[in-house]
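Below is one structure, written out as structure tokens; the observations come after it.
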Amino acid sequence: MVKICCIGAGYVGGPTMAVIALKCPHIEVAVVDISVPRINAWNSDQLPIYEPGLEDIVKQCRGKNLFFSTDVEKHVREADIVFVSVNTPTKTTGLGAGKAADLTYWESAARMIADVSASDKIVVEKSTVPVKTAEAIEKILMHNSKGIKFQILSNPEFLAEGTAIADLFNPDRVLIGGRETPEGFKAVQTLKEVYANWVPEDQIITTNLWSAELSKLAANAFLAQRISSVNAMSALCESTGADVTQVAYAVGTDSRIGPKFLNASVGFGGSCFQKDILNLVYICQCNGLPEVAEYWKQVIKINDYQKNRFVNRIVSSMFNTVSNKKVAILGFAFKKDTGDTRETPAIDVCKGLLGDKAQISIYDPQVTEEQIQRDLAMKKFDWDHPLHLQPMSPTTVKQVSVKWDAYEATKDAHAVCVLTEWDEFKSLDYQKIFDNMQKPAFIFDGRNVLNVDKLREIGFIVYSIGKPLDAWLKDMPAFV
Ligand SMILES: NC(=O)c1ccc[n+]([C@@H]2O[C@H](COP(=O)([O-])OP(=O)(O)OC[C@H]3O[C@@H](n4cnc5c(N)ncnc54)[C@H](O)[C@@H]3O)[C@@H](O)[C@H]2O)c1
Ligand SMILES: O=c1ccn([C@@H]2O[C@H](COP(=O)(O)OP(=O)(O)O[C@H]3O[C@H](CO)[C@@H](O)[C@H](O)[C@H]3O)[C@@H](O)[C@H]2O)c(=O)[nH]1
């Protein structure tokens with residue numbers, strides 16, 4: 001029986017391996033991690049991550065051909081194929097701080113693989129890594145290998161959170177990069193055969209190592225660029241009376257452009273886009289390409305601008321101060337159908353409002369109070385380290401309360417901000433919410449999910465990203 005081991009039982013390692021186990025009953029899959037609580041959770045009824053459809057698959061396969069364990073060395077030693085899906089955070093100190101990928105976890109995984117292996121292995125980069133990482137990994141593995149042969153493959157993951165299982169069942173493509181040698185081709189073929197159990201062969205793309213590594217960074221940069229492009233247009237729409245939804249529709253019907261990923265928003269979040277673009281910018285700088293680096297940096301700058309613009313719009317609309325005013329936040333996750341808050345725009349918006357001394361009341365159907373408090377106290381980029389290595393803050397932000405009900409969160413509030421597009425926010429009783437709020441009652445829709453006309457009929461002053469402005473907002477002082 002072929003044995004697969006995946007190092008890193010996170011948002012990628014967990015779902016990806018669960019789907020491989022489901023689709024390949026003849027393969028034994030072990031997912032290992034240094035985090036004991038995480039592995040305990042994978043072995044319990046309360047999985048460590050929320051992802052539609054995941055629980056069913058784990059229940060079907062766990063204990064049969066899918067195992068979760070902290071015995072990292074044993075499972076690596078026994079495996080034929082070792083996936084590495086560990087954290088690749090942004091460096092916070094030293095050379096490349098604030099941009100470059102910190103490969104500490106990757107390097108320690110590679111050293112451990114070299115130390116414990118007693119047979120030849122295929123080592124698969126599943127984490128998103130800088131282009132040319134495989135070369136460094138090869139050196140570490142070969143240097144310590146005691147004659148054991150390793151083949152490195154790059155097999156970046158393209159799943160999006162909230163739709164991870166659907167994405168893994170039906171990927172647009174699977175990408176495998178390997179060395180262009182007979183051994184490299186053989187390793188690529190071995191991994192291809194795993195995916196071919198459910199992915200049509202013509203959707204399995206094979207390339208050289210560097211193309212596969214770079215394609216992952218490029219794909220995320222292109223996706224994020226679309227959002228920054230439509231968000232840049234949203235600012236112009238507000239100044240001119242155009243409606244960003246109509247503009248995006250008109251633009252997206254051009255078959256060369258396509259309709260997806262053109263929703264204007266308070267900004268993109270998530271663990272990947274910002275990190276991967278910063279990484280790309282750093283690689284361009286290191287390769288003597290400052291113009292290319294600047295080009296991609298602008299995608300992040302517009303994203304930061306969009307989040308700031310949103311906060312400024314709230315404050316300027318409410319008589320230029322939110323000091324001691326209750327502002328309700330509906331949605332804290334970085335997108336709907338996930339409890340993940342990594343780089344969520346809600347963190348920046350809340351911090352901006354707290355900077356202006358607002359009292360904040362938050363409701364999100366999937367995010368706990370503990371998580372929200374941690375996020376608001378944590379330093380930039382600290383979230384991307386294994387849980388037990390993240391600095392714990394003993395303080396909680398006192399001006400922040402977390403509720404388990406949207407009506408409770410919005411009671412007596414001066415303003416409501418929608419920061420995640422959860423479906424349930426569309427069907428709330430906004431008349432009831434209006435009746436229980438301070439007047440004038442404001443709604444700031446950072447996701448364009450609410451029915452603006454209906455809300456205005458009820459009596460709200462409404463701001464919706466990139467939409468023609470309320471007369472009230474037009475008359476408020478300009479902001480930068
Ligand atoms: N989250 C996504 O949607 C997504 C999608 C595609 C690619 N990626 C990339 O995949 C990688 C993993 O992302 P994630 O979201 O799954 O991260 P994660 O933080 O959820 O999981 C990483 C896990 O690796 C474990 N780990 C770290 N070092 C280890 C070691 N030496 N030995 C054993 N376990 C170790 C951590 O404890 C953690 O549980 C990153 O490079 C990320 O950029 C993420
Ligand atoms: O039109 C859009 C689409 C998305 N977003 C926002 O963009 C962020 C990222 O969304 P999404 O890409 O759906 O989720 P991720 O899970 O971050 O997935 C991205 O990042 C992963 C990690 O690399 C990749 O594997 C995926 O292909 C890539 O879509 C979220 O805050 C969304 O709300 C918008 O604002 N407007």
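For LYS357, LYS3, give me the order by solvent-accessible area with a 1.4 Å probe, most accessible first, ignoring ligands, DNA and RNA.
Details: LYS357 130, LYS3 60 Å².
Descending accessible area places them as LYS357, LYS3.
Taking amide H as placed 1.01 Å from N in the peptide plane, LEU153 has its amide H under 5 Å from the amide H of VAL123, VAL124, GLU125, each at least 5 places away in sequence or on another chain. Between ALA224, PRO37, PRO171, the Cα set farthest toward the positive side of the dipole of the chain (charges on each charged residue's Cβ, about the Cα centre) is that of ALA224. Remark on region 1-91: hydrodynamic radius 12.9 angstrom, per the Kirkwood mean of 1/r across alpha carbon pairs. Full extension of the chain segment joining TYR305 with ASP202 gains 33.0 nm, where the gain is 0.36 nm per residue of separation less the Cα-Cα distance. Accessible area of LYS297 (1.4 Å probe, protein heavy atoms only, ligands and nucleic acids ignored): about 70 Å². Distant-in-sequence amide contacts of LEU66, defined by a placed amide H-H separation under 5 Å and a gap of 5 or more residues or a different chain, comprise VAL29. Both radii are taken from the alpha-carbon atoms of the chain; with Rh as the Kirkwood radius, Rg/Rh is 0.99. About its Cα centre, region 287-360 has a charge dipole of approximately 360 debye under the convention of +1 per Lys or Arg Cβ and -1 per Asp or Glu Cβ, with nothing else charged.
Given a Förster radius of 22 Å and the C-beta distance between GLU78 and LYS186 as r, what FRET efficiency does 1/(1 + (r/R0)^6) yield to the nearest 0.05? The partial results should precede the final answer.
Working: r = 21 Å, r/R0 = 0.94.
My answer for the efficiency is 0.60.
Counting DSSP beta bridges with both partners in the chain, what percentage is antiparallel, nearest 5?
If we restrict to bridges inside the chain, about 5 percent are antiparallel.
Can you pick out the pairs among LYS64/LYS186; LYS297/LYS426; LYS301/LYS325; LYS192/LYS336; LYS23/LYS121; LYS275/LYS307 whose Cα atoms lie more than 25 Å from each other? Cα-Cα > 25 Å for LYS64/LYS186; LYS297/LYS426; LYS301/LYS325; LYS192/LYS336; rest within. Between amide H atoms placed 1.01 Å from N, distances below 5 Å from TYR463 occur with ILE443, PHE444, ASP445, all of them 5 or more places distant or on a separate chain. Between the helical axis of 104-116 and the longest alpha-carbon principal axis of the chain there is an angle of about 20 degrees.
Just order 411-420, 259-268 by mean Cβ neighbour count inside 10 Å, highest at the front, would you? Don't skip to the answer; put the middle values down first.
Values: 411-420: 23.8, 259-268: 21.5.
Most protected by this proxy first, the peptides run 411-420, 259-268.
About the centre of its Cα atoms, the chain shows a dipole size close to 740 debye [charges on the beta carbon of Lys, Arg (+1) and Asp, Glu (-1) only; nearest 20 debye]. When the surface is traced with a 1.4 Å probe over the full set of protein chains, PHE319 keeps roughly 110 Å² accessible.
As a test of the formula, what do you get for the chain when each DSSP H run with n ≥ 4 contributes -39,500 (n - 2.57) and the sum is divided by the residue count, at 222 nm and rounded to the nearest 500 deg cm²/dmol?
Working: 18 runs with 203 residues, N = 480.
Here the helix-only value at 222 nm equals -13000 deg cm²/dmol.
What is the calculated FRET efficiency for GLU457 to GLU135, with r their C-beta to C-beta distance and R₀ = 56 Å, to the nearest 0.05? Step by step, r from the Cβ atoms, then E = 0.35.
Legend: residues TYR282, TYR50, sorted from most to least accessible area (1.4 Å probe; ligands, DNA and RNA excluded), read TYR50, TYR282.
What is region 2-199 by shape, rounded, prolate or oblate, if you read a ≥ b ≥ c off the alpha carbon gyration tensor as root eigenvalues and call it rounded for a/c under 1.5, prolate for a/b larger than b/c, and oblate otherwise? Since a/c stays below 1.5, the shape of region 2-199 is classed as rounded. When the charge dipole of the chain is built from unit charges on Cβ atoms (+1 for Lys and Arg, -1 for Asp and Glu) and taken about the Cα centre, the candidate among VAL416, LEU353, THR368 whose Cα reaches farthest toward its positive end is LEU353. The 3J(HN,Hα) values that the Karplus relation (6.51, -1.76, 1.60; θ = phi - 60°) gives for region 26-43 are, in residue order, 7, 10, 9, 10, 10, 10, 10, 7, 7, 8, 5, x, 5, 5, 4, 5, 4, 8 Hz. Gly and Pro appear as x.
Overall, the anisotropy analysis places region 243-475 in the oblate class: the square-rooted eigenvalues a ≥ b ≥ c of its C-alpha gyration tensor yield a/c not less than 1.5, with a/b not exceeding b/c.
Counting only protein heavy atoms and a 1.4 Å probe, the chain has 44 square angstrom of accessible area per residue. Using the Cβ-Cβ distance between ASN40 and LYS3 with R0 set to 22 Å, the FRET efficiency from 1/(1 + (r/R0)^6) comes to roughly 0.45.
State the extension gain, in nm to one decimal, for the chain segment bounded by GLN298 and SER69, taking 0.36 nm per residue of separation less the distance between their alpha-carbons. Walk me through the numbers on the way to the answer.
Numbers: separation 229, 0.36 × 229 = 82.44 nm, distance 4.20 nm.
Between GLN298 and SER69, full extension yields an extra 78.2 nm.
Among the protein heavy atoms, those of ASP405 account for about 60 Å² of accessible surface (1.4 Å probe, every chain in place).
Taking the dipole about the Cα centre of the chain, with the C-beta of Lys and Arg at +1 and of Asp and Glu at -1, give me whichever of SER316, LEU47, GLY184 is farthest to the positive side. Value computed over the given set: SER316. If only the Cβ of Lys and Arg carry +1 and only the Cβ of Asp and Glu carry -1, the dipole of region 243-475 around its Cα centre is close to 460 debye.
What part of the accessible area of the chain, given as a whole %, is carbon or sulfur when the probe is 1.4 angstrom? So the carbon and sulfur contribution to the accessible surface is 53 percent. Couplings 3J(HN,Hα) of region 244-259, computed from phi: 4, 5, 5, 5, 4, 5, 4, 6, x, 6, 5, 5, 6, 9, x, x Hz, in residue order, whole Hz [Karplus 6.51 cos²θ - 1.76 cosθ + 1.60, θ = phi - 60°; x for Gly and Pro]. Does region 235-280 classify as rounded, prolate or oblate by the C-alpha gyration tensor (a ≥ b ≥ c root eigenvalues; a/c under 1.5 gives rounded; else a/b over b/c gives prolate, otherwise oblate)? The shape class here is oblate.
The values are calculated or read from the model by the stated rules, or taken from the named source; none is laboratory data. Because the structure is predicted, anything quoted here is derived from the model rather than measured. Reconstructed Cβ throughout: ideal geometry from the backbone, glycine too, with neighbour counts over all protein chains shown. Side chains included, ligands, DNA and RNA excluded: accessible areas come from the protein's heavy atoms. Shrake-Rupley method; radii C 1.70, N 1.55, O 1.52, S 1.80 Å.
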